[in-house]
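Read the figures in this text as sums done on the coordinates, not as results from a lab. Keep in mind it's a predicted model, so treat the numbers as computed, not measured. Heads up, the Cβs are rebuilt from the backbone with ideal geometry, glycines too, and the neighbour counts pull from every protein chain shown.
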Amino acid sequence: MIKRAIIITAAILVTSLYAGAQITYGAKISGGVAYQDVINNDVISKGSIKTFNIRAIAQKPTKYGFWLEAGLGIAGKGSVVYNDGLTTTTRLTYIEIPVSLIRKFKFTDLGIFYLGAGGYLSAGLAGKLDYETPGSNTSDNLKFGNEDDARRVDTGMDFSTGFEFQNKVTFNIAYSFGLNNIASNPQQNSGTSVVRNREFSVGLGYLFK
């Protein structure tokens, strides 16, 4: 079901991008910090982890200076959760399809300033759980599934800004706001009612005209 949804979504995006307009292709890499909105009465505090993202993109001009941007890439997410005597670090790797509407503004002769907003659909590929107590450190592979460690599908909103230089190099800042509750049934039964992904990233890219 998940693979089918991703394939159908990607096919729709590719078809729309090819429909009668010049297309700009590119790639983006970024690093940042990810954390999670976790609701659990036993959690004392929460922290973030460092992440790395890479994606291929395609842009299509529409009207009034707006562009449609779609991509396909790998995204890292997760968090650190502190309980009494236990620290749990969650690292998640997703395949992600982001779609955004971007407004571009000419900025003197340096290049183009842009603002964007949209959404994403992602599916979990792999994950890891690290457990630390005062006397031990252990780890385990995270399993995706409604009855496992985390739900596989994540959806949310993307907000971005940045600059496209004349040499086609781009500087990008983005914030993703997960809407889907990825807490599995066992998590909810054990007191964690909500887990939602958040990420702030900064990176570079290049556009192939």
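Okay, here's what the table says:
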{"item": "When residues of the range 41-53 are limited to those that are surrounded by 14 or more Cβ atoms within 10 Å (Cβ to Cβ) and not hydroxyl-bearing (Ser, Thr, Tyr), the one farthest from residue 118 (Cα to Cα)", "result": "43"}
{"item": "Condition broken by residue 139, with the remaining ones in (1) surrounded by 15 or more Cβ atoms within 10 Å (Cβ to Cβ); (2) hydroxyl-bearing (Ser, Thr, Tyr); (3) within 26 Å of residue 193 (Cα to Cα) satisfied", "result": "(1)"}
{"item": "Elements of type strands (runs of 3 or more DSSP E) in the range 26-114, at least 3 residues being in contact with a helix residue (DSSP H, G or I) (Cβ under 9 Å, 6 or more places away or on another chain), within 27 Å of residue 163 (Cβ to Cβ) and touching a residue at least 40 places away in the same chain (Cβ under 8 Å)", "result": "49-61, 66-83"}
{"item": "The range 130-165: number of residues that are acidic (Asp, Glu) and over 22 Å from residue 84 (Cβ atoms)", "result": "5"}
